[in-house]
Amino acid sequence: MHRNILCVMVSFAASFGAMAATNSTPVIGIGGDEKDAHTHLSFEGIPKDAKIVSVSTHLTVEQAGPVGLNFFAVQVNFPNKTWAHGGPQVNSGSEKANWGGLVNRGGGSKDYTETNWKEDLQLIEYGILKPNTVSWKWDRNCEYTVTIERGKLVTLPAGTNAHYNVVVPERKMWEWNLTIKPVNPGHDTFTSMLYDSADHIRSFYVWNEAGYGSTSQQQHASWSLPTYRTEGSTEDQVPTGWKRF
């Protein structure tokens, strides 16, 4: 379940030199026996007015709990008060992947219990032709590149959304694509897409989530410092540091 990104951040900060900034190897550990038990990472040095259109990081999951939910995700927050998260899961022992999001109504469970699909589908729509969480075989100790990237601006026709059984008007929406791709061949790639009315990402995070019987101590994932790209640029940029919270 989506964690409340509005919580107070704990000031455990780390900065990287030029060598680390260009190194995509996952080096930031979350879970297991890590000294700091916080499971979320935020990032520093990103201009407040940056119109981010792509975020990418490298992820290796070394272990996950045998029961419950184990979710390893990149979260993006859009300027229209919507958010989306995507990444691999181990859900009740089965490998899956998730790419979906909601309108922010205060964070946490409120975002799920206070949905209004007649209004919300004009801002965000996920689970296109399939559920937002699907079975996908992925491997422990395999390094993946997790990328969220803006696609085309499209026009969605007016009509009844069969999944939510509400009538929605014609909408102009942006495609937002998730790709989870192995660094080395021999493993499967996952792709999925959702629609959002926002044309850029306001902020992004990476995190591990444990629940429904699993614990963060049963998990361990290694993340790289993400790169991001802004509208009109072909150059990847790197945050200057990160914090756990």
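Ranking request for peptides 223-229, 213-219: highest mean number of other beta-carbon atoms within 10 Å first, then the rest in descending order.
The peptides rank, most packed first, as 223-229, 213-219.
Okay, which of segment 153-184 sit inside 15 Å, backbone N to the point 7 Å along the Cα-Cβ direction of residue 145?
Label zone hits: 178-184.
Of all the stretches in the chain, which is the longest one without any exposed loop site, taking GluC sites (Glu not before Pro) in a DSSP loop (any state but H, G, I, E, B) with at most 13 other Cβ atoms within 10 Å?
1-113
Which value in Å does the Kirkwood hydrodynamic radius of the chain take, with 1/r averaged over all unlike C-alpha pairs and then inverted?
One decimal place: 18.4 Å for the Kirkwood radius.
Would you please give the FRET efficiency between residue 25 and residue 153, computed as 1/(1 + (r/R0)^6) with r the Cβ-Cβ distance and R0 = 45 Å, to the nearest 0.05?
After rounding, the FRET efficiency stands at 0.80.
Read the figures in this text as sums done on the coordinates, not as results from a lab. As the structure is a computational prediction, the values presented were derived from the model and not from experiment. Neighbour counts are summed over all protein chains in view; Cβ atoms, including those assigned to glycine, are modelled from backbone coordinates with ideal geometry.
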